[in-house]
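Here is the structure we will look at, set down as structure tokens.
The values are calculated or read from the model by the stated rules, or taken from the named source; none is laboratory data. Note that the coordinates shown come from a computational prediction; the quantities given were computed from them, not determined experimentally. With ideal geometry, Cβ positions are generated from the backbone for all residues, glycine too; neighbour counts draw on all protein chains shown. Protein only, heavy atoms only, side chains kept; ligands, DNA and RNA dropped before computing areas. Shrake-Rupley method; radii C 1.70, N 1.55, O 1.52, S 1.80 Å.
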Amino acid sequence: PWRKIDMPETILKEQIDRVVILTINRPDKMNALNQQVRDEMLALLDEIAVDDGVGAVVLTGAGEKAFIAGADIGEFEGRSPFDQRYAMRSPRIFDVMSSFPKPVIAMINGFCLGGGCELAISCDLRIASDKARFGQPEINLGLIPGGGGTQRLPRLVGPGHAMRMILTGDMIGAAEAKEIGLVEMVAPAEELRSQTLELAAKIASKSPLTLKVAKQAVRASQRLAIEEGILYERDLFCLCFSTEDKQEGVAAFLEKRPAEWKGR
């Protein structure tokens, strides 16, 4: 682990069966991402990555107003380009989330702006409350998105919708976010948690080994040409034949019983 934190001050961690819920807990600051949140999140993700008791992760923000309202802008004041470059050194929370070995679901309960929107995009799935609002307002500060927004957003919603969000800085609602592919599901605010946990529990019940491989294969589609991607998928598919979980899955199917995964 790159940094050990005994008790995170800005993030709440709870576990329900095989699902861990990480809640960014700065509701007075609309859960803005400051350096402490980033450091504590990276430390927690380090621990969860190697915890066999965790099958899926849910990321959310405390309170009802905001998922994450963006970066903590106060930290930008007076910084030189070199200061900022150091602050943005690797490992970066967006990249760690994107390449995380376990499935991560963003449970978006309110404002999801700037770095918050970029962190949601870095997750595998996004479920939004019908009250959620999305945007990349960096242009209004004389800046551009810096957490992958100009790269991950067009891959998710297409270059046109990404241009519109990034060049105007305008916010869009949950229904429009679903329409353009920014989120996969929208739930009534009062059902957001139950619907998200239902999905997370379903995912966490699968073979952890196969989930990891499936995630790698889908992520590869964003960087590989289709021909290379198809070959990569074939290799990973065949690799699954070396696992105990594949033997168990096929046996369980043929014997018409639920599979008991070993993660091997």
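Confirm whether Ala32 is in contact with a strand residue (DSSP E or B) (Cβ under 6 Å, 6 or more places away or on another chain), buried (at least 17 other Cβ atoms within 10 Å of the Cβ) and of a type in the set (Gly, Ala, Ser).
no
Report, by residue number, each residue of the stretch 227-243 that is within 18 Å of Lys206 (Cβ to Cβ) and open to solvent by less than 90 Å² (accessible area, probe 1.4 Å).
Leu236, Cys240, Thr243
Any residue in the stretch 233-262 that's over 21 Å from Gly55 (Cα atoms): show its pairings with residues that are surrounded by 14 or more Cβ atoms within 10 Å (Cβ to Cβ) at Cβ separation under 6 Å, as long as the two are six or more apart or on different chains.
Glu233/Ala217
Looking at Val54, Val50, Val37 in this structure, which one is over 18 Å from Thr196 (Cβ atoms) and surrounded by fewer than 23 Cβ atoms within 10 Å (Cβ to Cβ)?
Going through Val54, Val50, Val37 in turn, just one is over 18 Å from Thr196 (Cβ atoms) and surrounded by fewer than 23 Cβ atoms within 10 Å (Cβ to Cβ): Val50.
Kindly evaluate Asp245 against the criterion of being part of a helix (DSSP H, G or I), touching a helix residue (DSSP H, G or I) at 6+ places or on another chain (Cβ under 8 Å), farther than 18 Å from Ser99 by Cβ and not hydrophobic (A, V, I, L, M, F, W, C).
yes
Collect the residues in the stretch 133-143 that are closer than 26 Å to Met185 by Cα and in a loop (DSSP other than H, G, I, E, B), keeping them in residue-number order.
Correct list: Gln136 only.
Give the number of residues within the stretch 210-227 that are closer than 17 Å to Leu59 by Cβ and part of a loop (DSSP other than H, G, I, E, B).
0
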